[in-house]
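Have a look at the structure below before the remarks.
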Amino acid sequence: MDIDITYSGQPDPSLPTAWCNCIQLFRSHAHERPSPGSATFWPPDDVEQCFGTFCNRMLRHFPFMHLPVNLDWVRAERPFLLVCICAASSKSTQTRLGLGRRIKQTVAERLLLHREGLVNIDLLLGLLTFLAWGQDYLLNDAPSSLSRLAQLSMMVVFELQLNRPTHETRVVPGPANIVNDAPAAPQSSEHTLEERRAVLVGRVNRGLQ
């Protein structure tokens, strides 16, 4: 059964700006459904070429993450990042537009649904990659999308509690913990180098908007 999640009004002004942007982003893509026989854009035919182009020509100019040059590993461990890599490096404008819609819908759904495990480092790295090279604001003639996505990237940072000092114990909340008020298992208090780089780039992107 389909549920209509749209509404006619504007987001509640009392909500944080990042949440309002997430709601607007979700609304703008909530009813996008591929028509029968239409291309889903994933995986693109040139996924290997996209990955090679990104690793060899693009990432070297903005090396904010260490990415193994192993497509099978990225497919398994960083699937959302791979979608964003293809959206950034594909030579096909239609593929970039199609993947861009998929990316924005995925980001909005994951942040709103907040199911345990959906907001992770893969989501953050993919979002930062899309911000840096996706050119969504140019392809869709939507300058405001750049600042919205930058705010959402920082929202992911806060959800993952990467903004906290490393000596503090991080606890990732989940639906069960909120409902039952049960303590969650603490994670390691040390941020990984991958996480530190991602936070730094997120703050730089936010400061440039």
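Residue under question is A108, and the condition is that it be without any contact (Cβ under 8 Å) to a residue 12 or more places away in the chain and farther than 21 Å from R197 by Cα; does it hold? Working first, answer last.
On the way: without any contact (Cβ under 8 Å) to a residue 12 or more places away in the chain: no; farther than 21 Å from R197 by Cα: yes.
The answer is no for A108.
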*When residues of the range 52-78 are filtered for being over 20 Å from L193 (Cα atoms), in contact (Cβ under 8 Å) with a residue 24 or more places away in the chain and under 18 Å from the mean Cα position of the chain (by Cα), how many remain?*
1
*Which one is surrounded by the fewest Cβ atoms within 10 Å (Cβ to Cβ), of the residues in the range 70-113 that are among the β-branched types (V, I, T) and over 20 Å from T53 (Cβ atoms)?*
T106
_L131 being touching a helix residue (DSSP H, G or I) at 6+ places or on another chain (Cβ under 9 Å), more than 15 Å from F51 (Cβ to Cβ) and buried (at least 21 other Cβ atoms within 10 Å of the Cβ)_ = yes
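Counting only residues that are in contact with a Cys (Cβ under 9 Å, 6 or more places away or on another chain), give me the helices (runs of 4 or more DSSP H) lying completely in the range 60-132 with at least 3 of them. Give the derivation first.
Values: elements: 71-77, 79-89, 93-113.
Passing ranges, in order: 79-89, 93-113.
Do you know which residues across the range 40-59 are outside any helix (DSSP H, G or I), hydrophobic (A, V, I, L, M, F, W, C) and at negative phi? Full working, then the answer.
Taking the range 40-59 and keeping what is outside any helix (DSSP H, G or I), we get 40-46.
Subset that is hydrophobic (A, V, I, L, M, F, W, C): 41-42.
W42 - this is the single residue of the range 40-59 that is outside any helix (DSSP H, G or I), hydrophobic (A, V, I, L, M, F, W, C) and at negative phi.
Values quoted throughout were computed directly from the atomic coordinates according to the rules given, and no laboratory measurement underlies them. If you're wondering where the values come from, they're calculated on a predicted model, not measured in any experiment. Cβ atoms come from the backbone with ideal geometry, glycine included; neighbour counts cover every protein chain shown.
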